[in-house]
1. Using beta carbons and a limit of 7 Å, which pairs, at least six apart or on different chains, have the first residue in the range C:82-100 and in contact (Cβ under 8 Å) with a residue 60 or more places away in the chain and within 13 Å of another protein chain (Cβ to nearest Cβ) and the second one surrounded by fewer than 18 Cβ atoms within 10 Å (Cβ to Cβ) and part of a loop (DSSP other than H, G, I, E, B)?
2. Evaluate the following for residue A:107: is it buried (at least 24 other Cβ atoms within 10 Å of the Cβ), of a type in the set (A, V, I, L, M), part of a strand (DSSP E or B) and more than 7 Å from every other protein chain (Cβ to nearest Cβ)?
3. Inspect all residues belonging to the range A:161-172 and state whether any of them is surrounded by 24 or more Cβ atoms within 10 Å (Cβ to Cβ), part of a helix (DSSP H, G or I), at pLDDT 95 or above and not β-branched (Val, Ile, Thr).
4. Please work out which residue is farthest from the other protein chains (Cβ to nearest Cβ), limiting yourself to the range A:55-64 and to residues that are free of Cβ contacts under 8 Å to residues at least 60 places away in the same chain and part of a helix (DSSP H, G or I).
5. Can you pull out the residues in the range A:70-82 that are more than 13 Å from residue B:66 (Cβ to Cβ) and in a loop (DSSP other than H, G, I, E, B)?
6. In the range C:42-57, which residues are touching a residue at least 24 places away in the same chain (Cβ under 8 Å) and more than 22 Å from residue A:64 (Cβ to Cβ)?
7. Out of the residues in the range B:21-57 meeting the condition of being of a type in the set (D, E, K, R) and more than 12 Å from chain A (Cβ to nearest Cβ), tell me which one is nearest to residue B:75 (Cα to Cα).
8. Of everything in the range A:269-302, what is closer than 17 Å to residue A:225 by Cβ, part of a helix (DSSP H, G or I) and charged (D, E, K, R)? Give them in sequence order.
Amino acid sequence: MALLNELAKKKEGLVNGHRLCPGCTHSVIMRQVLAAADTDKYDIVVAAATGCFEVSSGLYPYTSWNIPWIHNAFENAASTISGVEAMYRLWKKKGRTDKDVRFIALASDGGTYDIGLQALSGAIERGHRFLYICNDNNAYQNTGNQRSSATPFGASTTTSPNGTVLQGKSQPKKDIMSVLEGHHMQYLAQASPSNWRDLMNKVKKALDVDGPTYLNVIEPCTTGWGFPQNKSIEIAQLAVDTCVWPLYEIEEGKVKINYKPKNKLPVEEYLKPQKRFAHLFKKGNEHLIEEFQKQTDRHWEWLLKREESGVSY
Amino acid sequence: MGKKVALTGNEAAAHAIRQINPDVVAAFPITPSTPIPQNVAQFIADGEMDTELVTVESEHSAMSACVGAAAAGGRVMTATSANGYALMWEILYIASGSRLPIVMAVAARALSAPLNIHGDHSDIMGGRDTGWIQLIAENSQETYDNLIQAIKIAENKDVMTPALGAFDGFNISHAIEIWELEDDNKVKEFVGEYTPLYPLLNTKEPVTHGAWAPPDWYFEHKMNQLEGLLNAKDVVVKVGKEFGSAFGREYGLYEAYKMDDAEYVIVAMGSVCGTTKDVVDSLRENGVKAGLLKIRLFRPFPYKELADALSSAKAVAVLDRVSPAGAQGGALFTEIRSALYDANSRPPVINYTYGLGGRDTQPQHINSVYDKLKTIAETGKVDKQFDCLNLRGTWG
Amino acid sequence: MSEKLLNWDEVLIGGAIKDPGNSKSYETGSWRVERPVWNPESCIQCMFCWVYCPDSSILVDENGKMSGIDYDHCKGCGICVEQCPTKPKSLAMLLEADAKGKSEEDLRKEVFSK
């Protein structure tokens with residue numbers, strides 16, 4: 001990976017003037033993605049699902065994109081990019097272009113874990129060459145923080161609110177990586193914008209795979225999660241250091257954990273600064289934090305065992 | 001030179017697609033249009049066309065991939081029916097709003113519930129306001145001819161609007177008829193090359209497709225879109241003439257069958273027109289001034305031309321192969337009645353729903369409509385504005 | 001910021017935008033309540049501020065080095081300050097109201113001489 005000074009010289013594929021909230025990490029992630037892409041070698045075309053990032057970066061008559069970009073609907077980023085990529089394959093087949101073009105589909109957890117899951121599964125199974133990036137902000141943030149299947153256990157959202165009888169979301173978060181792993185794709189990984197070097201390495205690797213790849217990225221949301229706008233990267237880092245958001249990759253079925261915190265922090269460190277978890281710290285709700293810790297540990301230990309086993313397809 | 005073939009309507013559609021050889025076809029099987037993607041897949045497997053076939057996991061993804069491929073710069077086609085068309089519904093608007101000239105074959109079919117796989121117009125009439133051009137065929141020949149013309153109509157620079165070529169499920173899609181399959185090269189020459197406006201794959205000039213338009217822009221975009229759709233009317237006529245010169249079968253906005261002096265007129269579209277023509281012929285033999293106004297272009301609706309075509313009518317019956325669903329009448333009826341409101345002569349207009357879910361419509365049923373029209377014309381009284389053909393029990 | 005509102009027959013068909021990156025003309029700097037002020041003297045050019053900035057508002061010179069802040073677009077989130085690794089920090093937040101009418105040089109002195 002080049003030094004940041006080198007990457008900073010590149011023309012940016014995403015420019016400012018977009019209307020994302022101050023401190024939003026959608027654009028941080030995308031800037032890192034496009035910085036990592038080897039754009040001297042190939043061009044990038046993006047298909048975006050409806051969501052915060054899409055409405056903020058493509059608001060007629062403005063676009064924040066310096067690269068070809070298409071938005072179709074909420075649930076179909078993967079099928080849209082399938083069509084674009086099929087067209088590219090045809091151009092290649094007929095010798096109508098000698099350009100190397102690579103494709104990125106971009107969605108958040110709503111468009112990935114939930115409404116877009118079918119389209120994503122289909123596109124991966126068909127073997128289109130594209131990198132699907134899910135900026136996971138743990139809820140439907142564009143419509144105002146409604147729970148999704150990516151919302152973590154205990155989080156209070158507008159449709160899983162904390163109340164006198166219920167204490168936020170009662171179900172655990174969907175393990176989308178395991179869902180997608182069942183497609184036996186060559187490469188999928190989980191990353192965080194706090195760990196930019198790791199994220200960039202994964203993007204480069206994924207874009208070089210001749211087939212579908214997937215990147216699950218934590219996307220801290222200042223408004224939905226309830227933390228000060230200057231803390232976005234810190235929150236992402238805490239998710240990594242508590243192993244709530246492990247950084248790992250699965251290459252041909254083989255798990256590799258890219259970062260093992262020397263001092264694995266208790267989940268409270270991650271939960272405490274966020275308003276959506278505030279009720280967990282009320283007297284009498286200790287068992288909810290214990291449950292959160294249990295779910296986190298269970299997944300982390302399972303990952304460690306997977307890595308240790310060294311099994312692959 | 002073309003050759004006579006005995007093939008189904010689905011095969012007619014599939015051969016049109018083969019000869020057009022679009023860049024991308026993204027499709028999902030659904031009865032009764034399933035044989036279209038099947039045939040296309042076989043043509044590709046046999047090297048008879050080199051289209052990229054995207055075998056999507058749903059019709060929603062079919063239309064989504066079509067939008068992606070068309071925005072990328074491709075000539076794109078698909079096929080569907082009924083529930084599949086309904087599942088596409090959200091993206092049909094996006095295709096037309098994005099001005100992507102996708103062409104779709106629709107084997108028109110009933111919508112659930114109850115589940116029914118047979119022909120009627122519930123799907124295409126439900127989607128009549130999705131901003132697509134809608135051409136409706138009477139038989140296999142027209143199915144084939146319409147799809148070829150639809151490419152030129154949709155891609156016309158003043159139009160740039162997606163188009164569907166519909167034909168009745170089973171009545172046409174699965175019926176073997178004799179029709180003329182034109183020479184491959186002649187068809188290719190007729191449709192010509194397609195030059196996209198702002199292809200995504202032109203990475204040198206990056207374009208943004210699908211930005212959202214706030215209240216101070218959306219309205220202007222929608223009216224801009226409407227103009228493209230309305231422009232299709234003249235282009236349909238122009239392309240219909242060109243098709244006539246190239247292949248000997250000329251097309252217009254509608255077909256006026258024995259309409260010159262017709263007093264009793266049925267307005268209809270689709271396969272029922274074949275039956276109706278037979279009935280008109282026998283009535284004419286008996287001196288009854290019967291006529292048929294067959295709708296070819298339903299969207300944009302050529303209301304003025306159709307009102308003119310009905311100027312000699314003393315009584316009109318509109319046949320709708322769809323439930324009125326709570327409106328004053330079926331989709332075609334409300335359009336025709338509205339078109340006649342500004343006409344100099346305003347004949348009485350009645351409406352029949354027929355053929356839902358594949359129910360047969362036979363000459364006797366059509367005869368009963370003409371009998372009714374004669375009575376109305378003679379008495380000047382309409383006792384029943386809406387009725388059903390071949391329904392058990394009395395309606396209304 | 002006023003954009004030219006076009007008539008229905010003047011817009012590009014299909015709502016396409018053929019002016020890549022034109023949102024640069026939309027200045028989100030007006031949203032700012034606080035602004036980051038940069039101290040080039042203690043800056044070690046790690047570029048963390050650049051890699052974490054949501055609004056591409058860390059200005060970069062031809063050598064890829066941080067050369068200032070794009071106040072036309074910086075929304076004042078303060079991530080750059082939080083992520084600045086030098087001790088003391090080479091970036092600090094200042095209320096916009098307190099920055100009015102002052103040159104960048106004066107602001108630097110005011111913030112970093114304390």
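1. C:96/C:33
2. On the way: buried (at least 24 other Cβ atoms within 10 Å of the Cβ): yes; of a type in the set (A, V, I, L, M): yes; part of a strand (DSSP E or B): yes; more than 7 Å from every other protein chain (Cβ to nearest Cβ): yes.
The answer is yes for residue A:107.
3. Applying the first criterion (surrounded by 24 or more Cβ atoms within 10 Å (Cβ to Cβ)) to the range A:161-172 yields A:169.
Imposing the further condition that a residue be part of a helix (DSSP H, G or I) reduces the set to none.
The answer is no, given that none of the residues of the range A:161-172 is surrounded by 24 or more Cβ atoms within 10 Å (Cβ to Cβ), part of a helix (DSSP H, G or I), at pLDDT 95 or above and not β-branched (Val, Ile, Thr).
4. A:56
5. A:74, A:75
6. C:42, C:43, C:44, C:46, C:48
7. It comes out as B:48.
8. A:269, A:275, A:276 - these are the residues of the range A:269-302 that are closer than 17 Å to residue A:225 by Cβ, part of a helix (DSSP H, G or I) and charged (D, E, K, R).
The values are calculated or read from the model by the stated rules, or taken from the named source; none is laboratory data. Quick caveat, the model's predicted, so the values are computed rather than measured. Every residue, glycine as well, gets a Cβ built from its backbone with ideal geometry; the counts of neighbours run over all protein chains shown.
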